[in-house]
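The values are calculated or read from the model by the stated rules, or taken from the named source; none is laboratory data. Here the structure is a predicted model, which is why all the values come from computation and not from measurement. FYI the Cβ positions are ideal-geometry reconstructions off the backbone, even for glycines, and counts take in every protein chain you see.
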Amino acid sequence: MKSARLVNQRRIIYVRLGPDGLRALVRGDNDIYIVFYNPEKGMLKCTCPAGMRGKLCKHALAVKTYVDTMYTRTRMYVDQPKPPSSALSVSRIHHA
Ligand SMILES: [Zn+2]
């Protein structure tokens, strides 16, 4: 598959978690495109010509494949870490 090959070729320059989901920089054949991906909102779009026409392009698919694999494994995106405050309130309840 083309999208799998993109990942193998390390065309994804970076993936960052922004205020409205994930933002990835992908190297295309002639240009660099930005892919926006928010799994919770079901948003997946790319700045390449195909992506601007509303098509699901190979860049968007590559990022989705990469992110889904990575974040399903680590669950960093799904489970936001909140251990310190909840641990604190639990101990407070115990002492009260
Ligand atoms: Zn694209």
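Out of 4, 62, I need the residue that is in contact with a helix residue (DSSP H, G or I) (Cβ under 8 Å, 6 or more places away or on another chain), assigned to a helix (DSSP H, G or I) and modelled with pLDDT of 90 or more. Which one? It would help to see each step written out before you state the result.
Working: 4 fails: modelled with pLDDT of 90 or more.
Step by step, each of 4, 62 is checked, and only 62 is in contact with a helix residue (DSSP H, G or I) (Cβ under 8 Å, 6 or more places away or on another chain), assigned to a helix (DSSP H, G or I) and modelled with pLDDT of 90 or more.
State the number of residues belonging to the stretch 14-39 that are within 14 Å of the ligand (Cβ to nearest atom) and in a strand (DSSP E or B).
Within the stretch 14-39, the subset within 14 Å of the ligand (Cβ to nearest atom) is 23-37.
Okay, now just the ones that are also in a strand (DSSP E or B), so 23-27, 32-37.
So the answer is 11.
Just checking, how many residues over the stretch 37-58 are touching a helix residue (DSSP H, G or I) at 6+ places or on another chain (Cβ under 7 Å) and of a type in the set (Ser, Thr, Tyr)?
Selection size over the stretch 37-58: 1.
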Original post:
Which one of these does residue 55 not meet: (1) under 11 Å from the mean Cα position of the chain (by Cα); (2) modelled with pLDDT of 90 or more?
Top reply: (1)
